[in-house]
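**Q** Pasting a structure below so you can have a look.
The values are calculated or read from the model by the stated rules, or taken from the named source; none is laboratory data. As the structure is a computational prediction, the values presented were derived from the model and not from experiment. Neighbour counts are summed over all protein chains in view; Cβ atoms, including those assigned to glycine, are modelled from backbone coordinates with ideal geometry. Accessible surface areas use protein heavy atoms only, side chains included; no ligands, DNA or RNA. Shrake-Rupley method; radii C 1.70, N 1.55, O 1.52, S 1.80 Å.
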Amino acid sequence: ASQSPTLTKNTALGAILGTASYMSPEQARGKTVDKRTDIWAFGCCLFEALAGRRAFEGETVADVLSKVLQREPEWSALPRGIPRALRRLMKKCLEKDPDRRVHDIADAGLELEESLSAPPAAETHLQSRTLVLAIAGAAIAGALASFLLVRPTPPPRAVQRFSINLPPGDEFLVGGIEGPLVAISPDGSDVVYAGVRNGEAQLFLRPVDRDLAEPIAGTRNGRMPFFSPDGEWIGFSAGRELKKVAVLGGAPVTLVQMEGADHLGGTWTRDGRIFASIDGLLIWISEGGGPSTTLSFDDAVDERTRAWWPHVLPGGKAILFGSVRSGTPSIVILSLETGETRVLVEDGRFPRYAKSGRLLFARKGTVFAAPFDLERLSLTGSPVPVLENVGQGGAGEAYYDLSDDGTLVYVSGQTKPETGLSWIDREGTGRPFGPRRRATWSSPRLSPNGELIAASLEPQDAPPDIWLLDTDPATLTRLTTAVGLQGVWAPDGRSVFIQSDARIFRQELDAAGEAQDVAPCYNLTSISSDGTLAVCQGPNEAGDWDIESVRLDGSGERRKVVGTRFDEYGARFSPDDRWLAYVSDESGQEEIYVQPFPGPGRKRRASTNGGSEPAWSRDGRELFYRRGREMYVVSFANDGIFGEPTRLFSGDFESGYDVSLDGRQFLMIQSEPTDVRPEIHVVLDWFEELERLVPPR
């Protein structure tokens, strides 16, 4: 009582009157009050009855009032299993803007009844409807008179497991850099995941205690979800923007334009900052949006440290992130006070901190945990495996998350589609080629002599690398040992140029050493016939994609080749380097254009009614392209004159292909059939199990 006295100064206009811990914001400011202030007090008492602690606490009256005016209650203090409608009611009662608050206690009574009308799908810690009604009754009584509820010591909780199946026809949003597929709110009540329904990618919200997953309005193409500390907002990436959307509904808010850069994860602090990885750099912005600030940190990790999948530690003084050090993925900690970086774990990805005092990270489909001292920011024991068969994406992300109260969610096993290579002739007849394994292929390229294939191969439990596949016999060997997203052959066939981490590297086939860093490049698609130039595509300052040439002699000299207010990409040199074929959406849809290189000269359109993925025949007399499921060919004369496009075949093939030396066959990527249905696994009170598996020291 001494810390939260009833203030009884005078009752004149502008005076403060009431008990500090239960005061509404307008009451604390000495403004006119009405019954909505009593609604606020009811919300405070309801929170206190359920959580066993006050919604707003502090050492002094000033501290309490400051939190009433500026802070949200610690929603994660609520016991898991409270019906979602009851949580929503509390939040509507504790809206700081009285116009957005519940307007009548009768409405609150109706919502209480609704929250108890449907039994939850999973067992909860609220043992019965009678108990909830009793708590609600105590809260109503408490709204009339302040009270103190002593919370009994809870018995040890039993670990419970169940699975959430995606609705029939729904899939996870996988392919490329999809980011973490699933996230859980800090209080463990809601799961959000990136999925596809009826061909549309978006975010879905699935309360743990309900059977229905609902799409979140305004999250089209949403990826990489993460919650705010109070569980009220979801941050996510969509196209070229970092956004947030309220859990209870409303229009999404754009926080920052990413201008086409790679966004690799975000994390939200209690003081209102959002940290995100943009093209390997750590930035932070206010949760309300505005300009972003790039963090600087020392080079103790690597001269080109890249930060992926950041995760802020409690207290907001340090951030964990994944990086690559000498070709090996590592878990790094960054002090936000000093800028110092330090490697915590070698060969680890996607860090998370468990509030039971453990550091978690992924390694080849297995989650490991080690005791962690939050004060010294260091491990106090060796990592041990605690969870197996966890899905992992193409840029080091793993598909798991933790709530503050110890609820674990994860997506197990295969999430990416299995694909394989096939040779397809001009009539559409095909034959499988190469080994079949649990992996995803992309960007196959034939060597100049046609004896080898370089392709990006992404196993189900590891990031992608460039692999070599002999055409006769079909044997597979690894070329790179770090992330490799795209490989293009050097003209002599003795090395492969690899695009990774916005750079071009050259890897010799017969060299055991590391790849040589040769030039900057956002997205490599072609190398000139003399090996001196590359064409790359990337976003300009306005966020539109342009094409530029980059010298490979070590100078890194760059020159804009095609740059408009539209998007241009997919550029490929003709065999004699005199022409450049590329995709542009200037007509309102993707079409294939060809223009002289390096110029001057006007461009000509080669496709009709849409086209993408251009590729030349080895003699330069034909240009191939795709339009949806169909493959087309158009004849080409060296004076820039095209024939009429001819449809060759149609089929369900993934993006990325190459053409045989004689131009009669196409190396295509096909999805492999699978009966695996995606599901999300939920483990309640997982900290109890973690305590046994990983002792504190």
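**Q** Carbon and sulfur: what percent of the stretch 506-578's accessible surface (1.4 Å probe)? List each step's numbers first, then the result.
**A** Numbers: 1500 of 3490 Å².
Percent of accessible area from carbon and sulfur atoms in the stretch 506-578: 43.
**Q** Extension gain GLN589-LEU476, at 0.36 nm per residue separation less the Cα-Cα distance, in nm?
**A** This chain segment gains 36.9 nm when fully extended.
**Q** Using label points projected 7 Å from each Cα along Cα→Cβ, tell me how many nm separate THR380 and LEU248, to one decimal.
**A** Taking the two extended label points, one gets 3.9 nm.
**Q** Related question: With all protein chains present, how much of the accessible area of the stretch 344-396 (probe radius 1.4 Å) comes from carbon and sulfur, to the nearest whole percent?
**A** Exposed carbon and sulfur together represent 46 percent of the surface.
**Q** Further, regarding this structure: Rounded to the nearest 0.05, what FRET efficiency is calculated for PHE566 and GLU654 with R0 set to 35 Å and r the Cβ-Cβ distance? Each step should come with its number before you reach the end.
**A** Working: r = 26 Å, r/R0 = 0.73.
Efficiency, rounded to the nearest 0.05: 0.85.
**Q** Related question: Counting Lys +1, Arg +1, Asp -1, Glu -1, what net charge surrounds GLU591 among other residues with beta carbon under 9 Å of its beta carbon?
**A** Residues close to GLU591 contribute a combined charge of -2.
**Q** Each label point is 7 Å from the Cα along the Cα-to-Cβ direction; what then is the distance between the points at LEU693 and GLU232, in nm?
**A** Computed distance between label sites LEU693 and GLU232 equals 3.4 nm.
**Q** Next question. With a 1.4 Å probe and every protein chain kept in, tell me what percent of the accessible surface of the stretch 609-677 is carbon plus sulfur.
**A** 43 percent
**Q** How many angstrom lie between the C-alpha centres of the stretch 198-269 and the stretch 628-697?
**A** 25 Å
**Q** Out of residues 5 or more away from GLU241 or on other chains, whose amide H comes under 5 Å of its own, with H placed 1.01 Å from N in the peptide plane?
**A** MET258
**Q** Output wanted: per-residue J couplings in Hz (rounded whole) for the stretch 36-41, from phi through Karplus 6.51 cos²θ - 1.76 cosθ + 1.60, θ = phi - 60°, x for Gly and Pro.
**A** 5, 5, 5, 4, 4, 4
**Q** Can you tell me the mean projection area, over all orientations, of the convex hull of the stretch 516-652's alpha carbons? Units nm², please. Present the calculation step by step, with values, prior to reporting the outcome.
**A** Details: hull surface 36.0 nm².
In nm², the orientation-averaged hull projection of the stretch 516-652 is 9.0.
**Q** As an exercise, identify the trypsin sites (Lys or Arg not before Pro) in the stretch 339-374 lying in DSSP coil whose Cβ has no more than 15 other Cβ atoms within 10 Å.
**A** Sites meeting the loop and neighbour criteria: LYS355, LYS364.
**Q** Now, a different point. Over the stretch 607-697, with the other protein chains present, what is the accessible area per residue in square angstrom, probe 1.4 angstrom? Spell out each step's value before the answer.
**A** Numbers: 4320 Å² over 91 residues.
Per-residue accessible area for the stretch 607-697 comes out at 47 Å².
**Q** In debye to the nearest 20, how big a dipole does the stretch 160-225 give about its Cα centre with +1 on each Lys and Arg Cβ and -1 on each Asp and Glu Cβ? Walk me through the intermediate numbers first.
**A** Working: 6 positive and 9 negative charges, 20 e Å.
Using Cβ point charges on Lys, Arg, Asp and Glu, the stretch 160-225 gives about 100 debye.
**Q** Follow-up question, since we're still on this one. Quick one: grab the alpha carbon gyration tensor of the stretch 526-605, order the square roots of its eigenvalues as a ≥ b ≥ c, and give me rounded if a/c is under 1.5, else prolate or oblate depending on whether a/b is larger than b/c.
**A** oblate
**Q** Efficiency by 1/(1 + (r/R0)^6): what FRET value for LYS364 and GLU508, r their Cβ-Cβ distance, R0 = 30 Å, to the nearest 0.05?
**A** Values: r = 27 Å, r/R0 = 0.91.
So the FRET efficiency works out to roughly 0.65.
**Q** Need the list of lysines near LYS560 for cross-linking: C-alpha distance under 23 angstrom, and skip anything on the same chain fewer than eight residues off.
**A** LYS603
**Q** Can I ask one more? With each pseudo-label sitting 7 Å past Cα toward Cβ, what's the ARG605-THR294 distance in nm, one decimal?
**A** The two pseudo-label positions are separated by 3.9 nm.
**Q** List the equivalent ellipsoid semi-axes of the stretch 580-649 in whole Å, largest first, each obtained as the square root of 5λ for an eigenvalue λ of the Cα gyration tensor.
**A** 18, 15, 9
**Q** Same structure again: How high is the FRET efficiency between ASP104 and ARG197 when r is their beta carbon distance and R₀ equals 56 Å, given to the nearest 0.05?
**A** Computed FRET efficiency for ASP104 and ARG197 comes out at 0.90.
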